[in-house]
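Worksheet: the structure to be examined is printed underneath.
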Amino acid sequence: MSVKAAALAVLLVALVALPPLAEPYVLHVAIVVLINAVYAEALYVIMRMGYLSFGHAGYIALGAYTSALLATKLGVSPWLGILAGACVAAGFAWLLGLVTLKLRGIYFSLSVFAFAEVVNAVFRAVDAFGGPAGIANVPRPSIGGVQLNGHLGFYYVVLAAAVMSLLFLYRLAATRFGFTLLALRTHDTEALAESVGIASARHKTLAFVISCFFCGLMGAIHCHYLRFVSPFVFTFFFSTDLVIFNMVGGLGSFWGPLAGSVLLTALGEQLFAAGYYKSLVYALVLLVVILALPGGLIQLPRMREAWAARRLRLAKAPVTAVER
Amino acid sequence: MTAVLEVHGITKQFGGLTALDQVTFTVGEGELVGLVGPNGAGKSTLFNIIAGAFPPTRGKVLLGGHDVTDLSSHDRARHGIARTFQQVTLFPELSALDNVLQGLHRHIPGRFLAGLCGTSAYRREQRQLEERAEGLLGALGIEDHRDDIAGEQPLGIQKLLTVAVALATDPTVLLLDEPAAGLAHEESTRMMDLVSTVIRRRCTIVLVEHNMRIVSRYCDRAVVLHFGQKIYDGPPGKLTADQRVVDAYLGVAELG
């Protein structure tokens, strides 16, 4: 067992064992952090493939509304609703992916953004979907007849869902399917991929569907946590936050988006309590990272190695050479 | 000799421009055919049509007797066609080994669930694939660059790597688009020696080439295109004796 695996095991035990001792506010932050971590990693599935989405909140909203509507209008169990929310988001992703994944760069980003705007506009316009006021009194799920109205019970639901989702997304990158996605990062490499027999469109669509499935899943859970959803919850700014998590953490590995989402969400929740400084701070952090650490936070260990090597070189170099 | 690649009456029009006009030729098993012609003759267009990057306006492409004209590029790869690109095209952010592993795609079973769980059978299979990829790097003499990032290598290594990626598909017909272009003399000789020995033993080759010296030295046969039409199909040794080829290359003297 490596050091990394041991550290993860300790973290997991802490995440399971400590919450009964924690304040409700800490639990709240932990819940939001876990949810955002899954969103960020779900987005990373397609960012790793060279696609930047400014509209993943649309799929989160689809998951949230599906489960909320099923629970409030038809009395469907939230457990089924959450699954349905994930499937509805994945279904729309499949339909849209068939068309938009042919686009690259800003054209793709804008098309996904436009779809997310349409989703929110439809929810706002149609009274049956709650209209501008949204849907209130979305019930919490229950286990063994007990509704999870407290923070602690719901925390464990989120923890279980997040750990399973993150584990799946982590392992996904290690599969041959995940490896093949790396071949589809640009228009040129896609032509090369096709020439060696990779069905690029099918791979990209499936990756997009997986990405949006987990957004829909967590979106539904998120909505049952908030007990509420409206067209003003999962907006464009929600989508850009997910991009910022990825950029700040770094796109080089699975750990980048995870680090970015955990750090920024924990920070953002503190600031949210203090007022509306969240967007400002996110923007500043993003700017600093882009300028000083273009590879994101996961580059820090490598930077330290580089600095150490530089110090060593300077120490060994003759004094005159340094002065010059 | 069995024909592994047949090109029948290929015509390609871009708007009003006819890039290819009724081009027909066949390539037999084990042949090394040079596709020659001045700039703009339609060589690359023909290559792209054979590989399936875009469809012809009219005409047919047959691979091993199967009509593949309507197949997509990735489906043709499964019928045994592989290609390199005129502009060096690799997976620039991946290592040399990973580039070749991508090239092995059509021989790799997906095994999604086994991959998710990381079973020992899956890992064993993965090691076998890596060995196969290493073998290909070795065959082209670039095994020392196994872990180097492809996009950061010198042009000579990158060009050899593009051939390794194409060979990884285990093709019956390999289309090489100017493999020696842009290389220094020694590198170019090294590349062409590999093409005519190691690579030749593995598959039939169609080579787009500008350089007459290379064509006459290495190819069994030359097909010459000029303004989209085939003007010569025969032994490379007689190329320079053919008046139409000479005119195409040097231009017709217009006196008077």
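If you place +1 on the Cβ of every Lys and Arg and -1 on the Cβ of every Asp and Glu, how big does the dipole about the Cα centre of the stretch A:22-292 come out, in debye to the nearest 20?
Numbers: 13 positive and 9 negative charges, 67 e Å.
Result for the stretch A:22-292 is approximately 320 debye, rounded to the nearest 20.
About its Cα centre, what dipole magnitude does the stretch B:3-250 give when the only charges are +1 on Lys and Arg Cβ and -1 on Asp and Glu Cβ, stated in debye to the nearest 20? All intermediate terms of the calculation are to be shown ahead of the outcome.
Numbers: 25 positive and 29 negative charges, 112 e Å.
Here the stretch B:3-250 has a charge dipole of around 540 debye.
With just the Cα atoms defining each centre, how far is the stretch A:169-222 from the stretch B:1-39? Give it in Å.
One Cα centre to the other: 36 Å.
Convert each backbone phi in the stretch A:119-128 into a coupling constant with the Karplus relation 6.51 cos²θ - 1.76 cosθ + 1.60 (shift: θ = phi - 60°), then list the ³J(HN,Hα) values in order as whole Hz, x for Gly and Pro.
4, 5, 5, 5, 4, 6, 7, 9, 5, 4
Can you give the angle from 0 to 90° between the axis of helix A:151-174 and the longest principal axis of chain A, with both taken from C-alpha atoms, to the nearest 10?
50 degrees
Return the ratio Rg/(2.2 N^0.38 Å) for the stretch B:105-256, where Rg is computed over Cα atoms only.
Compared with the compact-globule rule of thumb, the stretch B:105-256 sits at 1.38.
I need to check one value: relative contact order of the stretch B:21-135, counting alpha carbon pairs closer than 8 Å and at least 6 residues apart, in percent.
16 percent
Could you tell me what % of all Cα pairs in the stretch B:81-168 have separations over 16 Å? Spell out each step's value before the answer.
On the way: 1971 of 3828 pairs.
Cα-Cα pairs in the stretch B:81-168 separated by more than 16 Å: 51 percent.
What are the ³J(HN,Hα) couplings of the stretch B:3-17, residue after residue, when phi is run through the Karplus curve with 6.51, -1.76, 1.60 and θ = phi - 60°? Round to Hz, x for glycine and proline.
For the stretch B:3-17, the Karplus-derived couplings read 7, 9, 9, 10, 10, 10, x, 6, 10, 9, 10, 9, x, x, 8 Hz, x marking Gly and Pro.
Can you say what percent of the DSSP beta bridges in chain B, counting only those with both residues inside, are antiparallel? Round to 5. Please list the in-between numbers first.
Values: 21 of 38 bridges.
Of all bridge pairs located within chain B, approximately 55 percent are antiparallel.
Once you put a point 7 Å from the Cα of B:H66 and another 7 Å from the Cα of B:E130, both along the Cβ direction, what distance in nm separates them?
In this crude spin-label approximation the distance works out to 3.3 nm.
Packing-wise, with mean Cβ within 10 Å as the measure, how do A:2-10, B:95-103 rank, highest first?
Details: A:2-10: 9.4, B:95-103: 25.0.
Packing order, densest peptide first, comes out as B:95-103, A:2-10.
Among A:A89, A:S239, A:L166, whose Cα lies farthest out toward the positive end of the dipole of chain A, if unit charges sit on the beta carbon of Lys, Arg (+1) and Asp, Glu (-1)?
A:L166
How many angstrom separate the Cα center of the stretch A:12-49 from the Cα center of the stretch B:124-144?
Taking the Cα centre of the stretch B:124-144 as reference, the centre of the stretch A:12-49 is 41 Å away.
What's log10 of I(q)/I(0) for the protein assembly as shown at q = 0.07 Å⁻¹, Debye sum over Cα points only, no solvent?
-0.55
Sticking with the crude label model, points 7 Å out along Cα→Cβ, report the distance from B:T18 to A:H28 in nm, one decimal please.
Reported label-point gap for B:T18 and A:H28 is 7.6 nm.
State to the nearest 20 debye the size of the charge dipole of the protein assembly as shown about its Cα centre, where the only charges are +1 on K and R beta carbons and -1 on D and E beta carbons. Present the calculation step by step, with values, prior to reporting the outcome.
Working: 46 positive and 41 negative charges, 198 e Å.
Computed charge dipole of the protein assembly as shown: roughly 960 debye.
What ³J(HN,Hα) values, in whole Hz, does the Karplus curve 6.51 cos²θ - 1.76 cosθ + 1.60 give for the stretch A:4-12 when θ = phi - 60°, with x put for Gly and Pro?
Result, rounded to whole Hz: 4, 5, 5, 4, 5, 4, 4, 4, 5.
Given only helices, namely DSSP H runs of n ≥ 4 each adding -39500 (n - 2.57), what is the per-residue ellipticity at 222 nm of the protein assembly as shown, to the nearest 500 deg cm²/dmol? List each step's numbers first, then the result.
On the way: 23 runs with 327 residues, N = 580.
It comes out at -18000 deg cm²/dmol, rounded to the nearest 500.
Which of the aspartates and glutamates could be linked to B:K159 by a straight reach, that is with a Cα gap under 16 Å, when you skip same-chain ones fewer than 8 residues away?
Candidates past the 8-residue exclusion: A:D188, B:E93, B:D98, B:E143, B:D144, B:D148, B:D177, B:E178, B:E186, B:E187, B:D193, B:E209.
So how far, in whole Å, is the C-alpha centre of the stretch A:65-144 from the one of the stretch B:42-68?
44 Å
Pick out, from B:I231, B:V245, B:L176, the residue whose Cα sits farthest towards the positive end of the charge dipole of chain B, with +1 on the Cβ of Lys and Arg and -1 on the Cβ of Asp and Glu.
The residue sitting farthest along the positive end of the dipole is B:I231.
So what is the relative contact order for chain A, in percent, with contacts set as C-alpha pairs under 8 Å and at least six apart? Could the numbers behind the result be given before it?
Working: 476 pairs, mean separation 93.2, N = 324.
Across chain A, relative contact order equals 29 percent.
What list do you get for A:Y25, B:Y122, A:Y170 if you sort them by fewest beta carbons within 10 Å? Could you put the intermediate results ahead of the total?
Working: A:Y25 11, B:Y122 19, A:Y170 16.
Result, fewest neighbours first: A:Y25, A:Y170, B:Y122.
So what are the three principal axis dimensions of the stretch A:22-292 from its Cα atoms, in whole Å, longest to shortest?
That gives 56, 42, 35 Å along the principal axes, largest extent first.
Please state the relative contact order of the stretch B:3-250 as a whole percent: Cα pairs under 8 Å, 6+ residues apart?
Numbers: 440 pairs, mean separation 70.4, N = 248.
Computed value for the stretch B:3-250: 28 percent relative contact order.
Could you work out, for the stretch B:1-133, what percent of all Cα-Cα pairs fall into each 10 Å distance bin, beginning at 0 Å and stopping at the bin that holds the largest distance?
10, 32, 29, 19, 8, 2
Any idea what angle helix A:78-100 forms with the longest principal axis of chain A, computed on alpha-carbon atoms, 0 to 90 degrees, nearest 10?
60 degrees
Expressed as a whole percent, how much of the Cα-Cα distance distribution for the stretch B:3-250 exceeds 23 Å? Walk me through the numbers on the way to the answer.
On the way: 15834 of 30628 pairs.
Summing the P(r) tail past 23 Å for the stretch B:3-250 gives 52 percent.
Largest first, please: the extent of the C-alpha atoms of the stretch A:213-281 along each principal axis, to the nearest Å.
The principal-axis extents, from largest down, are 35, 33, 19 Å.
Where a number appears in this text, it was derived from the coordinates with a stated rule and is not lab data. The model shown is predicted, which means the values in this text are computed figures rather than measured ones. Virtual Cβ from ideal backbone geometry, glycine too; neighbours counted across all protein chains shown.
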